[in-house]
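Worksheet: one structure, shown below.
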Amino acid sequence: MMGVPFDQLNTAQALEVAEEMIQSRRPHLLATANVDFLAQVQEDEDLQQILVDADLIFCDGTPLVWMSKWLGDPLPERLAGSDMVPLLLDLAQEKGHRVFFLGGRDEVVAVAEEKLLERWPRLQIAGMYSPPFAPLEKMDHDGICRKIQEARADLLFVSFGCPKQEKWLSMNYRRAGVPVTMGVGATIDFIAGAVKRAPVWMRKAGLEWFYRVLQEPRRLAGRYWRDIRVVMPGLTRQWIRMRSGSEKAGALLVPSAPREESPAAAAAPLAPIVEGVSEVPVKTDEVSAMASAPTESATSVPPVVVEGKARVVRLPERLDALAARDASLWPEGELASLVLDASRTTFLDSTGTGKLVRFARTAREKGGKCILAEANESMLGTLQLMRLRSLFVEAPSVKEALAMVEGS
């Protein structure tokens, strides 16, 4: 949705994934994105890159759920940080996980610790630290990370406000070494009772933002007005493109037989979702060529093969929700670079776009490239609209893509 790759998770799935992350002992970055995030990423490329690179992005806002339905690819439910943190603390108390709280005002932190232990008496608080206020570039990152490392935490909640907390985490979460890290905004204030949350009925009605404006009009009224002026036109443009793309795709795409989901595909993890991306139409001559070409069976050509220094992923004709959950499409191994062969891809929905984002992130994390080969103009246009095209290196053919990898 407007360049923010939300994950299609409900509450139970989110908690299950968090526990798997803790058990892995590898650092992970989670984010809770609301309407303000959508507005900020239109101008803040660093923040958008952080969200693209995040391991999970929760939908923090009922209006976002409504917007996703309007765009035709609904998110399961709202997963607000202020709701997820108590659930994660329930999990931590049950499993014996250690929790570190970073940030918040000094006078609030002491009260929050008392409130935490009243509600979760067996919770292992690994630490609560409110560093001196300073701009991000002047903070004592080494000292803060050292405190967190010494605390041996399993979960790290950071309350510096957006986008400072997300940028701090992006810079430091690997060094801090905590399996689950997340920016939580005003959640510590809510726990301490320093800021009152909106009544449940207002949250369900999508009016929590209005309640917050009434609490802090000078600070929040201008922000929310800016968000409306940026997000509503952006969503309208996305909806128009989606609607136009769907109509063209319906007219031009080669019909394909219905597919049944295999047990392996059903068990595969969900790819992150980029909401509302249009289905990608192709030119009439491309369709004619595909119609006359011999059909390849799913087993005749492996979806992932090694070619020199790269893994070549042969994207399916329909890169949709079912294909995105196909475990055979996930490259395994140590090779850093990926070549995505899009030569036969004629259908791309929002879930498929999330799959492409995951490929790009995997390559970047390993120090390699993610090269998109032979993608049609409509596919590239969709990625451009979502501000995601820059994640990929482009090549006119797989052969030239492999040459780029060999020459790097």
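If you go through segment 148-163 one residue at a time, do you hit one that is in contact (Cβ under 8 Å) with a residue 60 or more places away in the chain, touching a strand residue (DSSP E or B) at 6+ places or on another chain (Cβ under 8 Å) and over 21 Å from residue 23 (Cα atoms)?
Step one: filter segment 148-163 for residues in contact (Cβ under 8 Å) with a residue 60 or more places away in the chain, giving 154-155, 157, 162-163.
Among the residues that remain, those that are also touching a strand residue (DSSP E or B) at 6+ places or on another chain (Cβ under 8 Å) are: 154-155, 157, 162.
Among the residues that remain, those that are also over 21 Å from residue 23 (Cα atoms) are: 162.
Yes; the residues of segment 148-163 include at least one that is in contact (Cβ under 8 Å) with a residue 60 or more places away in the chain, touching a strand residue (DSSP E or B) at 6+ places or on another chain (Cβ under 8 Å) and over 21 Å from residue 23 (Cα atoms).
Do you know which residues across segment 171-190 are part of a helix (DSSP H, G or I) and in contact with a strand residue (DSSP E or B) (Cβ under 7 Å, 6 or more places away or on another chain)? If you could, list the steps in order and put the result at the bottom.
As a first pass, look at segment 171-190 and keep what is part of a helix (DSSP H, G or I): 171-176, 187-190.
Scanning segment 171-190 gives 173, 176, 187, 188.
Okay, residues lined up against (1) over 20 Å from residue 131 (Cβ atoms); (2) out of contact with any Gly (no Cβ under 6 Å at 6 or more places or on another chain):
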site	(1), (2)
152	no, yes
159	no, no
165	no, no
173	no, yes
182	no, yes
186	no, yes
199	yes, yes
202	yes, yes
219	yes, yes
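Considering (1) of a type outside the set (A, V, I, L, M); (2) at pLDDT below 75; (3) out of contact with any helix residue (DSSP H, G or I) (no Cβ under 7 Å at 6 or more places or on another chain), say which one residue 317 fails and leave the rest.
All conditions pass for residue 317, except number (2).
Does segment 73-94 include one or more residues that are among the small types (Gly, Ala, Ser), over 22 Å from residue 125 (Cα atoms) and either touching a helix residue (DSSP H, G or I) at 6+ places or on another chain (Cβ under 7 Å) or without any contact (Cβ under 8 Å) to a residue 40 or more places away in the chain (or both)?
There is no residue in segment 73-94 that is among the small types (Gly, Ala, Ser), over 22 Å from residue 125 (Cα atoms) and either touching a helix residue (DSSP H, G or I) at 6+ places or on another chain (Cβ under 7 Å) or without any contact (Cβ under 8 Å) to a residue 40 or more places away in the chain (or both).
From the residues in segment 26-43 that are surrounded by fewer than 20 Cβ atoms within 10 Å (Cβ to Cβ) and at pLDDT below 85, which one is farthest from residue 8 (Cα to Cα)? Working first, answer last.
Within segment 26-43, the first condition is being surrounded by fewer than 20 Cβ atoms within 10 Å (Cβ to Cβ), and the residues that meet it are 26-27, 42-43.
Filter once more, keeping what is at pLDDT below 85: 42-43.
On the way: 42: 22, 43: 25 Å.
Restricting to residues being surrounded by fewer than 20 Cβ atoms within 10 Å (Cβ to Cβ) and at pLDDT below 85, the top hit is 43.
Can you name the residue in segment 123-170 that is assigned to a loop (DSSP other than H, G, I, E, B) and in contact with a Lys or Arg (Cβ under 8 Å, 6 or more places away or on another chain) and, of all such residues, is nearest to residue 190 (Cα to Cα)?
For segment 123-170, the residue satisfying everything is 130.
Out of all the residues in segment 197-213, which are assigned to a helix (DSSP H, G or I) and more than 17 Å from residue 227 (Cβ to Cβ)?
Going through segment 197-213, the residues assigned to a helix (DSSP H, G or I) turn out to be 200-204, 208-213.
Within segment 197-213, 200, 201, 202, 203, 204 qualify.
Within the bounds of segment 6-23, is there any residue that is outside any helix (DSSP H, G or I) and surrounded by 23 or more Cβ atoms within 10 Å (Cβ to Cβ)? Break it down into steps so the answer makes sense when it comes.
Restricting attention to segment 6-23, the residues satisfying the condition of being outside any helix (DSSP H, G or I) are 6-10.
Within this subset, residues satisfying the condition of being surrounded by 23 or more Cβ atoms within 10 Å (Cβ to Cβ) are 6-7.
Yes, that holds for at least one residue.
For segment 53-98, give me the residue count where each residue is outside any strand (DSSP E or B) and under 21 Å from residue 22 (Cα atoms). Walk me through it before giving the result.
As a first pass, look at segment 53-98 and keep what is outside any strand (DSSP E or B): 53-55, 60-97.
Pick out the ones that are also under 21 Å from residue 22 (Cα atoms) and you get 53-55, 79-97.
Number satisfying all stated conditions: 22.
Within the set of pairs 6+ apart or on separate chains, which have a first residue in segment 124-143 that is over 16 Å from residue 165 (Cβ atoms), a second that is surrounded by 15 or more Cβ atoms within 10 Å (Cβ to Cβ) and of a type in the set (Val, Ile, Thr), and C-beta atoms under 8 Å apart?
From segment 124-143, the pairs are 124/99; 125/99; 126/99; 127/148.
Taking the condition of being of a type outside the set (Asp, Glu) and either loosely packed, with under 15 Cβ neighbours inside 10 Å or not assigned by TED's automatic domain parsing to the domain that holds residue 177 (or both), how many residues in segment 125-147 meet it? Break it down stepwise before answering.
The first filter runs over segment 125-147 and keeps only residues of a type outside the set (Asp, Glu), leaving 125-136, 138-139, 141, 143-147.
Now restrict to residues that are either loosely packed, with under 15 Cβ neighbours inside 10 Å or not assigned by TED's automatic domain parsing to the domain that holds residue 177 (or both): 132-136, 138, 143, 146.
Here the count works out to 8.
Hey, among the residues in segment 1-25 that are modelled with pLDDT of 90 or more and touching a strand residue (DSSP E or B) at 6+ places or on another chain (Cβ under 7 Å), which one's farthest from residue 235 (Cα to Cα)?
Per the stated criteria, the residue is 22.
If we scan segment 391-405, do we find a residue that is out of contact with any strand residue (DSSP E or B) (no Cβ under 8 Å at 6 or more places or on another chain) and either at pLDDT below 80 or buried (at least 24 other Cβ atoms within 10 Å of the Cβ) (or both)?
Initially, segment 391-405 is screened for residues out of contact with any strand residue (DSSP E or B) (no Cβ under 8 Å at 6 or more places or on another chain), giving 399, 403.
Still in the list and also either at pLDDT below 80 or buried (at least 24 other Cβ atoms within 10 Å of the Cβ) (or both): none.
No: zero hits.
The values are calculated or read from the model by the stated rules, or taken from the named source; none is laboratory data. Computed from a predicted model, the values in this text were never measured in an experiment. Glycine also receives a Cβ, built like all others from the backbone with ideal geometry; neighbour counts cover every protein chain displayed.
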